[in-house]
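Please see the structure below; I have some questions.
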Amino acid sequence: MTKKIKRIGVFTSGGDAPGMNAAVRAVVRTGIYNKLSVFGISHGYEGMIANEIKKLGKPDVANIIHRGGTVLKTSRSEDFRTKAGRKKAYKNLQKHKIQALVAIGGNGTYTGAKVFSEEYDIPIIGVPGTIDNDIYGTDFTIGFDTAINTAIEAIDRIRDTADSHNRLFFIEVMGRHAGFIALNTGIGSGAAYTLSTEVKTDIKEIVSFLEDSKTRNKLFNLIIVAEGNKSGNANSIARKIKKMNPNLDSRVLILGHLQRGGSPSASDRVLASRFGYAAVETLISGAKNKAVGLINNQIVLTEFEQAIKESKAIQDDLINMAKILAM
Ligand code: F6P
């Protein structure tokens, strides 16, 4: 029979995402409600190795639901990839008698969690937190909604100046492995084109679209480029296009880490609260090595193994729709 869980740890790892604090708050409060001791581990796996572990009470998570970033801090740990690093981390968990963990992060976080839980038989539940929305087993990840809203707000401003000067703009958004941010930002900002990571970029097609756009009385254009676009980033696409037609002068804007900051949207706060709550309930139920997710507005669980291996498909119907609406 498995021992009843009394002490759990929570940490955030990988790139920060708006809403992570709401998830931490939910984990701590659900834990306390269920009479568990909850420990916050700072700086993700790095802090586990360095013993940056502290018991959290209700006041520690007060007044954080609206804050961007992560109060627990985060990191991408190289040491945790080594057996020696994980051994140190486990010893530190033992010092605090921590029996189970909630890991908030993306694919790299889940990969570390899977290896660690198998090595030391420690139950871990994953919570999908990344602005990229590229995690299998959930329709949405924490931070995605805020990130696309932030991007769209910035692009609305660019639209004003692009309109005033009849200019072409290339706007690069985050997403090194997946184009969810690009596609949704493209649709929401009314972009002329979206160059995501999943679809092949046809430079010739873009050039003729742009050449033709004046005849259609479209005097300015916004083109969204995913960071991970296979044919190049925004600067390189802009250069290629200008090389094919020197009249197609443009400006380039890289939104970068701006998209990761800021107060979480209402959707992200609710999503993160649901995930944090579900993660603790799942640990208490005796389940382990799974990630929580939301599919069709219902909480679901996916084995780490599957969440890591499978990639979430981009919606082809949205890609087609984006093209049609941009005519
Ligand atoms: O967290 C995901 C992400 O923002 C990606 O979209 C981006 O490619 C990457 O992180 C950037 O990572 P870093 O913060 O290490 O520069």
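Taking segment 64-107 as the region of interest, how many residues are without any contact (Cβ under 8 Å) to a residue 12 or more places away in the chain and either small (Gly, Ala, Ser) or touching a strand residue (DSSP E or B) at 6+ places or on another chain (Cβ under 8 Å) (or both)?
1
Could you go through segment 73-87 and let me know if any residue there is under 28 Å from ASN233 (Cβ atoms), assigned to a helix (DSSP H, G or I) and not assigned by TED's automatic domain parsing to the domain that holds HIS257.
yes
For segment 16-29, name all the residues that are of a type outside the set (A, V, I, L, M, F, W, C) and surrounded by 22 or more Cβ atoms within 10 Å (Cβ to Cβ).
ASP16, PRO18, GLY19, ASN21, ARG25
I would also like to ask the following. Has segment 286-301 got at least one residue that is touching a His at 6+ places or on another chain (Cβ under 6 Å), among the polar types (S, T, N, Q) and farther than 22 Å from GLY31 by Cβ?
no
Would you say ALA326 is out of contact with any Pro (no Cβ under 7 Å at 6 or more places or on another chain), within 30 Å of TYR193 (Cα to Cα) and without any contact (Cβ under 8 Å) to a residue 60 or more places away in the chain?
Details: out of contact with any Pro (no Cβ under 7 Å at 6 or more places or on another chain): yes; within 30 Å of TYR193 (Cα to Cα): yes; without any contact (Cβ under 8 Å) to a residue 60 or more places away in the chain: no.
Criteria not met by ALA326.
Residues that are more than 30 Å from ILE237 (Cβ to Cβ) and either modelled with pLDDT of 95 or more or outside the structural domain of ARG216 (by TED's automatic domain parsing) (or both): which strands (runs of 3 or more DSSP E) entirely in segment 248-327 hold 1 or more of them?
Result: 290-295, 298-303.
TYR120 - would you say it is more than 15 Å from the ligand (Cβ to nearest atom) and in contact with an Asp or Glu (Cβ under 7 Å, 6 or more places away or on another chain)?
The answer is no for TYR120.
Show me the helices (runs of 4 or more DSSP H) found entirely inside segment 140-226 where at least 2 residues are within 16 Å of the ligand (Cβ to nearest atom).
The qualifying helices (runs of 4 or more DSSP H) are 144-165, 180-189.
The values are calculated or read from the model by the stated rules, or taken from the named source; none is laboratory data. All values derive from a computational prediction rather than experimental measurement. All Cβ positions, even for glycine, are placed from backbone atoms using ideal geometry, and neighbour counts span all protein chains on display.
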